[in-house]
1. From B:8, B:53, which residue is surrounded by fewer than 22 Cβ atoms within 10 Å (Cβ to Cβ) and without any contact (Cβ under 8 Å) to a residue 60 or more places away in the chain?
2. On the basis of being crowded, with 17+ Cβ neighbours inside 10 Å and of a type outside the set (S, T, N, Q), does residue B:64 make the cut?
3. Could you list all residues from the stretch B:70-83 that are assigned to a helix (DSSP H, G or I) and surrounded by fewer than 16 Cβ atoms within 10 Å (Cβ to Cβ)?
4. Consider residue B:81 against the criteria (1) touching a strand residue (DSSP E or B) at 6+ places or on another chain (Cβ under 7 Å); (2) within 12 Å of chain A (Cβ to nearest Cβ): it satisfies all of them except one. Which criterion is unmet?
5. I'm trying to understand the selection: among the residues of the stretch B:191-211, which are under 18 Å from the mean Cα position of the chain (by Cα) and without any contact (Cβ under 8 Å) to a residue 60 or more places away in the chain?
6. Output the number of the condition that residue A:53 fails; it satisfies all remaining conditions of (1) within 14 Å of another protein chain (Cβ to nearest Cβ); (2) not in a loop (DSSP other than H, G, I, E, B).
7. If you check residue B:107 against the conditions, is it within 14 Å of chain A (Cβ to nearest Cβ) and touching a Ser or Thr at 6+ places or on another chain (Cβ under 8 Å)?
8. From the residues in the stretch A:34-50 that are part of a strand (DSSP E or B) and in contact (Cβ under 8 Å) with a residue 60 or more places away in the chain, which one is surrounded by the fewest Cβ atoms within 10 Å (Cβ to Cβ)?
Amino acid sequence: MKLQEIVDSLSLVVKTASAHLTKEVTGGYVSDLLSDVMANTKDGYVWITLQTHQNIVAVATLKELSGIILVNNRTPEPDTLKKAEEEGLPIMVSSLPAFEIAGLLYNLGLRCR
Amino acid sequence: MTPYRIVEKAASLGLNIIAICDHNSVENVEVTKRLAKEKGINAIPGIEVTSFEEVHIVGLFRDISSALRIQDIVYDNLQPGENDVDAFGYQVVVNENDEVLGFNNRLLIGATNLSVSKVVETIHSFGGLAIASHIDREGFGIIGQLGFIPPELNLDALEISRNITIDEAKKRFGEYSRFPWITSSDAHELSNIGKVSTGLFMEHSTFDELCLTLKGAEGRKVILY
């Protein structure tokens, strides 16, 4: 499924790279430890986290993730937004907690490959 | 941020003591220390270890050999992966003439498999000082990552970053005033060196005096501005 579909179904607020929502989402992952994400994600995954510092963009870019969903209405830091825009990486925000967002994505059929 | 330029900048600012605390590595410390000595600055060998919980802990050591031994342990326990220069930049080892001697291919931005208490214990086993980095920062600060400072963790000091004032820090972290506090620039660029610094009222600019000062021994004091 495409990222746009997820944005629409979950009513996510898109903060960056809104032109890149046509990316194909291959799976999902929930983690707030960057080392864990680096070890365990695959390209195309959407990453659910509450981390807002700019290192999340470096990790997401490195692993070619399709986008980042921030939970609990977390606000990305200015440097994070800037880097994400430069990298064409969509950062989306939800008011829901990670548990519920993951559940909703699972209901849409998303899995970790 | 070459050894030469770091020392020149520190000297121009009148800093007496600096510490080189690269992420998970110590390979540029020896050259920096030698250059600093020529300028009358004590460059303390240091390292900033990323624990398994992604807490940053700074280790400061009396000598290079202790720091190198910690580096061995960190290298043995770094989670696997190679550095990606596009994502994280080049990890250079540089000599006193700003010449690149080689590249470190390890994923130094990554985490070790060492728990935060293991990191502190290991630093202490080499006679080092264990300092919780930038406790006010959410990302990679001990309070941000764990929610609190574990009561049995024998940290020697807490570092307040340059991003907040000491007064703000006292309001937010007053419950941790039992620890000595320091503040430092955490400079990742030359322009940030010396942005904040800690005053140390002590006899000499040495590592041993620093240890005594953090304990407040015999009239020595840490002065935060």
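Rule-based calculations on the coordinates, nothing more; no lab input. Bear in mind that the values here come from a model prediction, so they are computed numbers and not experimental data. Glycine gets a Cβ as well: all are built from the backbone with ideal geometry, and neighbour counts include every protein chain shown.
1. On the way: B:53 fails: without any contact (Cβ under 8 Å) to a residue 60 or more places away in the chain.
Result: B:8 is the single residue among B:8, B:53 that is surrounded by fewer than 22 Cβ atoms within 10 Å (Cβ to Cβ) and without any contact (Cβ under 8 Å) to a residue 60 or more places away in the chain.
2. Values: crowded, with 17+ Cβ neighbours inside 10 Å: no; of a type outside the set (S, T, N, Q): yes.
No; evaluated as a whole, the condition is false for this residue.
3. Of the stretch B:70-83, the ones assigned to a helix (DSSP H, G or I) are B:70-77.
Hits for the stretch B:70-83 are B:72, B:75, B:76.
4. (1)
5. Within the stretch B:191-211, the first condition is being under 18 Å from the mean Cα position of the chain (by Cα), and the residues that meet it are B:191-200, B:205-211.
B:191, B:192, B:195, B:196, B:198, B:199, B:209, listed by residue number.
6. Checking residue A:53 against (1) within 14 Å of another protein chain (Cβ to nearest Cβ); (2) not in a loop (DSSP other than H, G, I, E, B), the one that fails is (2).
7. On the way: within 14 Å of chain A (Cβ to nearest Cβ): yes; touching a Ser or Thr at 6+ places or on another chain (Cβ under 8 Å): no.
No: the conditions fail for residue B:107.
8. Of all residues in the stretch A:34-50, those part of a strand (DSSP E or B) come to A:45-49.
With in contact (Cβ under 8 Å) with a residue 60 or more places away in the chain added as a condition, the list becomes A:45-46.
On the way: A:45: 23, A:46: 26.
Among them, the one singled out is A:45.
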